[in-house]
Amino acid sequence: MSILTSTAAPGRPLSPAREGGPAAADGVHSGSPVHDRQAPGSDGPSDSPSRSPVFDVIVTPHLSLADRGYTWLIVGVLAAALLVQIFFLLIGVWVAGVYVLIDGVVLAFALTVFRAEADRAERITVEAGTIRIEHRRGDAIVDRIELPVWGSVVERDQDPDYGCRAIRLRHRQRRVEIARDLAPAERVAFLDALTRALAADGTPMRVETTAALPLLAA
């Protein structure tokens with residue numbers, strides 16, 4: 001699971017978030033709650049630049065280990081491989097020890113690549129009648145998509161076993177999937193917060209639910 005941090009979204013708090021922080025993809029705070037700060041509603045969209053966003057959420061992938069824990073994991077893997085190599089050297093089969101050491105280095109490299117791949121974030125903001133989706137890699141914005149609130153529809157794929165499999169925003173012929181790093185239950189909480197925020201702002205959005213075939217069907 002991943003972190004879902006929400007601000008300026010009116011209504012009750014969302015369900016507990018996953019590990020992480022709003023600005024860091026190396027989330028570490030286990031079971032930290034989603035912060036859903038209530039903001040005053042309005043009668044309709046406003047173009048005032050000083051107005052707070054109606055909805056502002058940052059989603060980052062789940063990371064089971066903090067930076068310190070990850071460092072100790074890598075050190076442990078390399079140390080174990082080195083100790084096994086020393087053992088094989090002492091008993092005279094150094095070739096086997098070399099292969100074990102290579103396996104340890106490859107494993108550490110694979111873990112590092114996976115960690116780097118998780119250094120991403122998705123920010124969904126609703127402000128001045130516009131839905132903005134930003135995809136970030138580290139501190140850099142790699143993609144930005146803007147859709148108007150008016151005329152847009154939320155598509156929700158629902159599986160009877162798995163739950164909410166996907167959430168997409170549709171405007172005319174354009175579809176954009178959002179909140180992909182969330183678990184099914186968290187997508188439900190996310191969608192609930194989004195629709196409540198839009199309704200409180202006077203710009204309700206229609207949600208179309210599609211029932212998919214069960215993933216666990218025999």
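Sorted into 10 angstrom bins from 0, the C-alpha pair distances of segment 143-218 split as 18, 49, 27, 5, 0 percent.
Per residue, how much accessible surface does segment 175-216 expose to a 1.4 Å probe? Answer in Å², no decimals.
Numbers: 2030 Å² over 42 residues.
About 48 Å² of surface per residue is accessible.
Report the local net charge at Arg144: Lys and Arg +1, Asp and Glu -1, summed over other residues whose C-beta lies under 9 Å from its C-beta.
Working: positive: Arg132; negative: Glu134, Asp143, Glu146.
Net charge in that neighbourhood comes out at -2.
The fraction of accessible area contributed by carbon and sulfur in segment 85-184 is 58 percent, rounded to a whole number (1.4 Å probe; ligands and nucleic acids excluded).
The values are calculated or read from the model by the stated rules, or taken from the named source; none is laboratory data. Just so we're clear, the structure is a prediction, and the values are computed from it rather than from any experiment. A quick note on method: Cβ atoms are made from the backbone with ideal geometry, for glycine too, and the neighbour counts reach across all protein chains shown. Just so you know, the surface numbers come from the protein's heavy atoms only, side chains and all, with ligands and any DNA or RNA stripped out. Shrake-Rupley method; radii C 1.70, N 1.55, O 1.52, S 1.80 Å.
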